[in-house]
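To start, the structure itself, in structure tokens.
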Amino acid sequence: MKNVLTIAGSDSCGGAGIQADLKTFSALGTYGMSAITAVTAQNTTGVFMVKELDVETVAAQINCIYDDIEVHAVKIGMVSSSEIIETIGRCLMEKGARNIVVDPVMVSKSKYKLLRPEACAALVKVLLPLADVVTPNIPEAEELIKGSIGTVEDMKQAAREIYDMGPKNVIIKGGHLAGDAVDVLYDGRRMVLFEGPRIATRNTHGTGCTFSSAIAAYLARGYAMKEAVGAAKEYITTAIAHSLALGRGAGPTHHFYSLYKKAGLIHE
Ligand SMILES: Nc1ncnc2c1ncn2[C@@H]1O[C@H](COP(=O)(O)OP(=O)(O)OP(=O)(O)O)[C@@H](O)[C@H]1O
Ligand SMILES: Cc1ncc(CO)c(N)n1
């Protein structure tokens, strides 16, 4: 069994954050563990409250996992303050963490700021250089490069600029553009495009969390980066295709279908 840790915020409605991450880890046959950075009160219509945890609690969760259990990959999601970011950076360096996936969560789909604006610099300085891969969506990539992105060519240029900030690989997710859902992976030498059909649904709560967690799970299972991203793309496309019309807003991705299908339990 491969063990995967998520360091992220809790989403009370279970569609994004820690809850999406753990569901993804399980569905992909890995053992999931968590260090919670903040508790959010949210549902499919929006985020209503955020309570950050103190840095001692964040550090204690990470340290006690690494002191006891082998961690084959770690995914970092919502980390709202500079202090929490610096604490996570320090802990992961001390523990020699590997297979680090950084999802630079900034704003929820419902437009709630999940990263304090002044903490963006710490994210760039501390977490990007530690990342084996960083997975911004279009608005996050625009914030990182301080420019606008409207085409796949713009995504490639943004990937080059973000690569220069220190991560080993960059994926720009194209979920926010029109047309097919195209993601761009850049490893400093090659640009690889992952193209999926755009699924016509409003139920896309937690797509970014699910995608980055799937990459972490596949890296933990020993996939090389390009193969991990390709497999994660298949997983997220399936999870969106079978997303759930829960609540009055954007419903969540679905995590059981792929597992059952892969296991040969679903015949179509
Ligand atoms: N409607 C869709 N159909 C198919 N694939 C999609 C769709 N929307 C997003 N994706 C894919 O889902 C993955 C996550 O991308 P997206 O841009 O939605 O992340 P995000 O904005 O970070 O999500 P989150 O709401 O969790 O912050 C990418 O692989 C993207 O191409
Ligand atoms: C806790 C949490 N993390 C990430 C997201 C992604 O937008 C969210 N909505 N909530």
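Among the residues of region 149-158, are any in a helix (DSSP H, G or I), away from ligand 1 (no atom under 15 Å from the Cβ) and of a type in the set (D, E)? Yes - at least one qualifying residue is present in region 149-158. Please specify each residue of region 159-177 satisfying the condition of being assigned to a loop (DSSP other than H, G, I, E, B) and either crowded, with 18+ Cβ neighbours inside 10 Å or modelled with pLDDT of 95 or more (or both). Within region 159-177, D164, M165, G166, P167, K168, N169, G174, G175, L177 qualify. Taken together, the residues in region 1-25 that are more than 13 Å from ligand 1 (Cβ to nearest atom) and closer than 18 Å to G222 by Cβ amount to 6.
When restricted to residues that are part of a loop (DSSP other than H, G, I, E, B) and either in contact with a Phe, Trp or Tyr (Cβ under 7 Å, 6 or more places away or on another chain) or over 22 Å from V133 (Cα atoms) (or both), region 221-254 contains 12. Inclusion of K111 among residues that are of a type in the set (K, R), at pLDDT 95 or above and either out of contact with any Cys (no Cβ under 6 Å at 6 or more places or on another chain) or over 30 Å from N43 (Cβ atoms) (or both) is not warranted. E56 meets each of the listed conditions (1) more than 15 Å from ligand 1 (Cβ to nearest atom); (2) of a type outside the set (S, T, N, Q); (3) touching a residue at least 12 places away in the same chain (Cβ under 8 Å) apart from (3). Scanning region 65-90 for residues that are in a strand (DSSP E or B) and farther than 14 Å from P129 by Cα yields A73, V74, K75.
Would you be able to tell me the number of residues in region 1-32 that are in a helix (DSSP H, G or I) and either in contact with a helix residue (DSSP H, G or I) (Cβ under 6 Å, 6 or more places away or on another chain) or under 24 Å from V47 (Cβ atoms) (or both)?
Taking region 1-32 as the starting set, the residues that turn out to be in a helix (DSSP H, G or I) are 17-27.
Next cut, either in contact with a helix residue (DSSP H, G or I) (Cβ under 6 Å, 6 or more places away or on another chain) or under 24 Å from V47 (Cβ atoms) (or both) only: 17-25, 27.
Number of matching residues: 10.
The number of residues in region 190-228 being of a type in the set (D, E) and within 11 Å of ligand 1 (Cβ to nearest atom) comes to 1. Output yes when any residue across region 196-204 is surrounded by 20 or more Cβ atoms within 10 Å (Cβ to Cβ), closer than 28 Å to G14 by Cβ and out of contact with any helix residue (DSSP H, G or I) (no Cβ under 9 Å at 6 or more places or on another chain), and no when none is. Looking for residues that are surrounded by 20 or more Cβ atoms within 10 Å (Cβ to Cβ), closer than 28 Å to G14 by Cβ and out of contact with any helix residue (DSSP H, G or I) (no Cβ under 9 Å at 6 or more places or on another chain), one finds none in region 196-204, hence no.
The values are calculated or read from the model by the stated rules, or taken from the named source; none is laboratory data. Just so it is clear, the structure is predicted and the values come from calculations on it, not from any experiment. Cβ coordinates were reconstructed from backbone atoms using ideal geometry, including for glycine residues, and neighbour counts include every protein chain displayed.
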